[in-house]
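The structure appears right after this line, and notes come after that.
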Amino acid sequence: MRPRRYPSDTTDEEWALIQPLLPVPACQTPKGGRPEKHHRRDVFDAIRYITDNAAK
């Protein structure tokens, strides 16, 4: 289990539903690409934090 820093952070159950919907990272494709610097879940949580708190 991953510790939640903010109430808007995704739970493990939510992430299990969201992760398969994201495209394959470029570094894992035959063409190749740079490895991601930040974990996708952290980026998703940051976007969700901003959208949850922008209306307040």
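Read-outs throughout are calculated quantities, based only on the coordinates presented, and are distinct from any laboratory measurement. Small disclaimer: the values here were computed from a predicted structure and weren't measured. FYI the Cβ positions are ideal-geometry reconstructions off the backbone, even for glycines, and counts take in every protein chain you see.
Couplings 3J(HN,Hα) for the stretch 31-43, derived from phi with the Karplus relation 6.51 cos²θ - 1.76 cosθ + 1.60 (θ = phi - 60°), are 5, x, x, 6, x, 5, 6, 10, 5, 4, 5, 5, 5 Hz, where x marks Gly and Pro.
Annotation: peptides 2-8, 28-34, 44-50, ranked by per-residue average of other Cβ atoms within 10 Å with the highest first, follow the order 44-50, 2-8, 28-34. Compactness of the chain, taken as the C-alpha radius of gyration over 2.2 N^0.38 Å, stands at 1.32.
Counting Lys and Arg as +1 and Asp and Glu as -1, each charge on the Cβ, what is the dipole of the chain about the Cα centre in debye, to the nearest 20?
Roughly 260 debye, rounded to the nearest 20.
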